[in-house]
Amino acid sequence: MTAMTPHMFLQPDGWVPAKGYANGMLAEGRMVFTGGLVGWNANQEWEHQDMVGQFRQTLENIVAVLDKAGARPEHLVRLTWYITDKQEYLSNLRAFGAAYREVIGRHFPAMAVVQVAGLMEDAARIEIEATAVIPHG
């Protein structure tokens, strides 16, 4: 780990590389945790009803929270997604990938995606918790 690469991606020998996420991350520094963020705007208004639109907004919300701590998207070490419709997610993988790269870039931390029966906000299609580590220095 250096100032240029704040984290180490953990890829066990002989494992097929993960696509779009890391199997594990090693990080050292100040930790930032978000709550479960959803895809509404700063005024808690829904601009998107679809999961992809809410996903993009959720990522933008995560970046805004990280910014308050002086963190950037490349400091993310873990994302846990809670989605309400696995089929909607799988049917839109390209759009999810494009939105992710536009907001976060080509940094793919450890991730888990879990389908849930519902979220606390009835209009929410997706909720994401994020963990970031700001390197020392």
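Only the coordinates and a few stated rules stand behind these numbers; no lab work does. It should be emphasised that the depicted structure is a prediction, and the values quoted were computed from it without experimental measurement. Here Cβ is always computed from backbone atoms with ideal geometry, including for glycine, and neighbour counts include all displayed protein chains.
For this structure, a couple of remarks:
- Here the calculated FRET efficiency for Leu93 and Leu10, from their Cβ-Cβ distance with R0 = 22 Å, stands at 0.35, rounded to the nearest 0.05.
- Against the rule of thumb 2.2 N^0.38 Å, how large the Cα Rg of the stretch 58-137 comes out: 1.14
- Sorted by Cβ density within 10 Å, fewest first, the residues Phe55, Phe96, Phe9, Phe33: Phe33, Phe9, Phe96, Phe55
- Global form of the chain, assessed from the alpha-carbon gyration tensor, a/c cut-off 1.5: oblate
- Placed amide H near Val77: partners under 5 Å, 5+ positions off or other chain: Thr131, Ala132, Val133
- Sum of side-chain charges, Gly97 neighbourhood, beta-carbon under 11 Å (Lys, Arg +1; Asp, Glu -1): +3
- Beta bridges per DSSP with both ends in the chain, % antiparallel, nearest 5: 70 percent
- With contacts taken as Cα pairs under 8 Å at a separation of at least 6 residues, the chain carries a relative contact order of 38 percent.
- Cβ-based charge dipole, the chain, positive-most Cα from His107, Met51, Thr84: His107
- Per-residue 3J(HN,Hα) values for the stretch 11-27, derived from phi via the Karplus relation 6.51 cos²θ - 1.76 cosθ + 1.60 with θ = phi - 60°, read 10, x, 4, x, 7, 5, x, 5, 10, x, 7, 9, 5, x, 9, 10, 9 Hz in sequence order (x marks Gly and Pro).
- The C-alpha atoms of the chain define a longest principal axis, and helix 51-68 lies at about 50 degrees to it.
- Only helical runs count toward this figure. For the chain, summing -39,500 (n - 2.57) over DSSP H runs of n ≥ 4 and dividing by all residues gives -7500 deg cm²/dmol at 222 nm.
- Between 0 and 90°, nearest 10: helix 93-103 axis offset from the chain longest Cα axis: 60 degrees
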